[in-house]
Amino acid sequence: MSAPLPTEAAGRPAALPRSRGGDGAPALPAARTGPDWLWGVLLVLPALAMVALFFLYPLGLSAVSAFQGRDGGWTLANVVKAFELYSLDMAFTLAIVLLSSALVAVLSVAIGGYLTLGENRVAVTLLRWLYRWPLFIPFIVAAQMMRSFLAKNGLMNNLLIGGGVIEPLQAASLLDWRGVVVTFVWKQTPFVALMVAGAMASLDRSTIEAARDLGAGRLRILAEIVVPQVRPTLVVGLILSFVTMLSVMSVPMMINPNSPTMITVDMAYRINAHGDYGVANALGFVSYAMAGLVGWFYLRHGVRQGGAR
Amino acid sequence: MAELHVENLTVAYGGSRVLNGVSLHVRPGEFVALLGSSGCGKTTLLRAVSGFVPVDGGRIAIAGRDVTNAPPERRDTAMVFQSYALWPHMTTAQNIGYGLKLRRWPRPRIAERVAEMLRLLKLDGLADRNVTQLSGGQRQRVALGRALAVNPDILLLDEPLSNLDARIRLELRYEIRALQQRLGITAVHVTHDREEAMVMADRIVILNAGSIAQIGTPEEIYRRPASAFVASFLGADNVVPLQATRTERTLEIAAGPDHDAVSLPLGEEGARVEMPGSGPVAAHFRTESVRLAAAGQVPPDALVLRGRITQAAYPGGRWRYGVAVGGAVFLVDDDDRRTVGDAVAIVIPPSALHCFPLRREAAGTA
C-alpha cells in the first residue's frame, strides 16, 4: 500500500535537476534517468536506513548468533540445546497462542456481530462503551489483575462461592496455562474486535437487509453474510495478535512461571541466569519461525484475496 | 401472487412524522409505483411493508395475514435494492440460490431453479462468475433473480434502476415489467422518475410530504391531476394566475394584462377546474401541450397569452422556447423555428388547462 508513495514522490522532484541541467546537452534520456533514479533513492533512504538499522540489523544479528558458538565459529549446538531443553515449551507456546487466537476470533466476531446486528440499543451502546477498555491496559497490569482475579482465594472464586455456585472446597486456582489464555484473550479480544467491528460497520447495510428479507436469522447472517465479507480484516487482526501474544513475557512470567511455560520466559532465563545468548537467540529464532509461518499464511491469503478481485 | 393492504399507516423518525396515515390496496398481480420527490416518504412506505421500518400506527396485511409487527424475515416479501446488495463473496448462482437454501430446498432443486432464473434473466453462462465481475445491469438482474427465485408474495423494488446508465435503464424497465406480467407477481416499485413510473406501473401512487396526493392509472393522473402539486409534479409546471368564473358548461376567464377574456368549454375535451364559483385560480399547463402563434394570428377558442421569446433551444424533434409573459417565463414547445425577441402568443387549448383555486395551491406547495 505504501509502495506508490515513494515512487510518486520521486517522480516530481526530477523536474528540478532537469531544468537546472539545461546546458544544451542533447543526451536528454541519460540526463533524465540519472537524477530520477538518484532522487528516488535519496527520498527513500531515511526510511530505509531506519528499517535497516533498527530492524534488519538486530534481527539478522540475533538470527546469525543463534548459529554461532561462544568462540565465534559456526555451530548448531545452540539450536540443538534449545530443542533438547525447551521443545515442550515450544509446543506449549504454540498451543497457548493458537488456542488464544481461536478464542479471540470467536469473541471478537461475537462482539462485532452484536454491535452490527444487535437490536437492543441500550445493550449495543453499553457493549460499544465497555469492550475497548482492555486496550488501554498494559499486559503487565492485566497479568497482575488476573493474578488477584483467578487465584484460589481470588475475586472470581469469592464471587462464585458467595453466589452459591461452588463450595469453598471446590475453589481452584486458575493460575496455570488457563490463566495465561484468559489474560491473552481478555487483552487481545478488544483489539481484534475493534478492527472487525469497524469492517462490519462499513459493510453495505443492504447486503445484510437483503439476507434478512429472504428469511435469514441473525446468526445465519453473521456466519454466512457478515463474517465472509470481513474475513480479510479478521485474519489480519488475528495474525497481528498472534505475533503480539507470542512476544509477551510478563503474562506467562507472572501467571505461569513453572514448566512448561512460554519461550519468552525461557529466553529471559537463559540470559539472566546463564548469560547464554546463544540458546536465547536460538529460541528467538524459533519464535521468528512461528511468526514467519503466520506471516507466510497472511501473504498467501492476501494474494489469493487480491487474485479474486 | 398476493394482495397488499396498507391501512392508515403512520411512521415517525425521532418525533417527526414521515408517513401520515397512508392507506393503499394493491391487488394481486398488480404493479404499483410509488412516485414522489425525495423525502416524500415513498421509500419509508416500502421499507415499512418489508418490515425494516417500525410502524407507529395503522396496519399492514400481506395475503390477508397481518404482518404489521412481524420482523422482515417473517414476511414473504423480496426486495430489490438500489445498490444491488449482492453478496460479493458468492457467485451469481449462490446469490440467486441463497433464499432457496434458507428454505431448505434440496440441492438439485435449487440448481434447477437457479438455472431457470438465469435463463429468464438472460444471464446464461454467468452462473459461476463472481458477482463483482458483472456489469451494473447484470448485477441488478442477479438481484432480481435472487428476489424472484423464492417466488415471494410481493416483490418490492427500491429505485432499482437509479444506479444504471440511461440505456440499460430503459432496457431493464421493459424487462422488469414483462417479467412481472409473465409471472403475475404483485409488485411495488419506488421511483422518483416520472416516466419510469408511467411506463412500468398499472397504477401510480403519488406521495407528498408523507401523504398520498393521488392514486390512479398513469393516464388518469396525467390527464386529471387532483391537485396543483400533482399537476406540477407530472410536468404541468407552467403556472399562470387567472381570474375565472365557473358556469355549468364553461369557464369564463376575465381579461388580464397579457390576455383577453375568453370562454372555454369544460369537461373531457375541455378545461378542468377544481373549484366551484369564481375567484383567482392557478392555471397549469404543460410545455408540450401548447403551441406558439404569431402575435396577430390568434384562434378564438383558446386562452392566449401575449409574450416575447427570451430563449430558444433545440432538444430534438421540436423547438423549445422560453417566453416571457408579464414577469414570468413559460417554457413552450413549438414546431417552427423562431428568433429570440419575437413577439408571440402562447395558445393554450382548453384541454391543456388544469385550474386549481389559488389559495389552496399556495398551501399545497408550501
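A few notes on this one:
- Solvent-accessible area per residue, Å², over the protein assembly as shown with all protein chains present [probe radius 1.4 Å]: 50
- Nearby aspartates and glutamates by direct alpha-carbon distance to B:Lys122 (threshold 12 angstrom, same-chain neighbours under 8 apart not counted): B:Glu175
- Accessible carbon and sulfur surface of the range B:229-363 relative to its total accessible area, %, 1.4 Å: 51
- Estimated inter-spin distance, B:Arg337 and B:Arg223, nm [label 7 Å along Cα→Cβ]: 3.6
- Helix-only [θ]222 nm of the protein assembly as shown, DSSP H runs n ≥ 4, -39500 (n - 2.57) each, per residue, nearest 500: -15000 deg cm²/dmol
- Note on B:50-62: average number of Cβ atoms from other chains within 10 Å of each residue's Cβ is 1.
- Using a probe of 1.4 Å on the protein chains alone, the accessible area found for A:Arg231 is around 110 Å².
- Based on C-alpha pairs under 8 angstrom that are at least 6 apart in sequence, chain A has a relative contact order of 25 percent.
- The GNM of chain A, with springs linking C-alpha atoms under 10 angstrom apart, assigns the highest mean-square fluctuation among A:Ala47, A:Ala223, A:Ala172 to A:Ala47.
- Contact residues in the range B:95-135 (at least 20 Å² less accessible area with all protein chains than alone, 1.4 Å probe): B:Tyr98, B:Lys101, B:Leu102, B:Arg103.
- Neighbouring partner chain Cβ atoms per residue of B:69-81, average, 10 Å criterion: 4
- Interface area, A with B, accessible, probe 1.4 Å, both sides summed, Å² nearest 100: 1900
- Accessible area per residue (1.4 Å probe, heavy atoms of protein chains only) ranks B:Tyr174, A:Tyr131 as B:Tyr174, A:Tyr131, with the largest value leading.
- Once the C-beta distance of B:Ala295 and B:Arg17 is scaled by a Förster radius of 51 Å, the resulting FRET efficiency is 0.50 to the nearest 0.05.
- Solvent-accessible area of A:Phe55 with every protein chain in place, 1.4 Å probe, in Å² to the nearest 10: 120
- Protein-only accessible surface order, largest first, of B:Asp66, A:Asp71, B:Asp202 at 1.4 Å: A:Asp71, B:Asp66, B:Asp202
- Backbone N within the range A:186-207 under 12 Å of label point (7 Å from A:Met145 Cα along the Cβ vector): A:186-190
- Formal net charge of residues neighbouring B:Ser83 (Cβ-Cβ distance under 13 Å; K, R +1; D, E -1): -2
- Positive-end ranking of B:Val6, B:Gln180, A:Leu42 along the dipole of the protein assembly as shown, with charges on Cβ about the Cα centre, is headed by A:Leu42.
- In order through the range B:210-215: 3J(HN,Hα) via Karplus (6.51 cos²θ - 1.76 cosθ + 1.60), integer Hz, x for Gly, Pro: x, 10, 7, 8, 6, 10
- B:Met117, A:Met249, reordered so the largest accessible area comes first (probe 1.4 Å): A:Met249, B:Met117
- For the protein assembly as shown, alpha-carbon Rg over 2.2 N^0.38 Å: 1.42
- Annotation for B:Ser135 and A:Ala273: the two label points, set 7 Å from Cα along the Cα-Cβ direction, are 7.2 nm apart.
The values are calculated or read from the model by the stated rules, or taken from the named source; none is laboratory data. Note that the coordinates shown come from a computational prediction; the quantities given were computed from them, not determined experimentally. Every residue, glycine as well, gets a Cβ built from its backbone with ideal geometry; the counts of neighbours run over all protein chains shown. Calculation scope for accessible area: heavy atoms of the full protein, side chains included, ligands and nucleic acids excluded. Shrake-Rupley method; radii C 1.70, N 1.55, O 1.52, S 1.80 Å.
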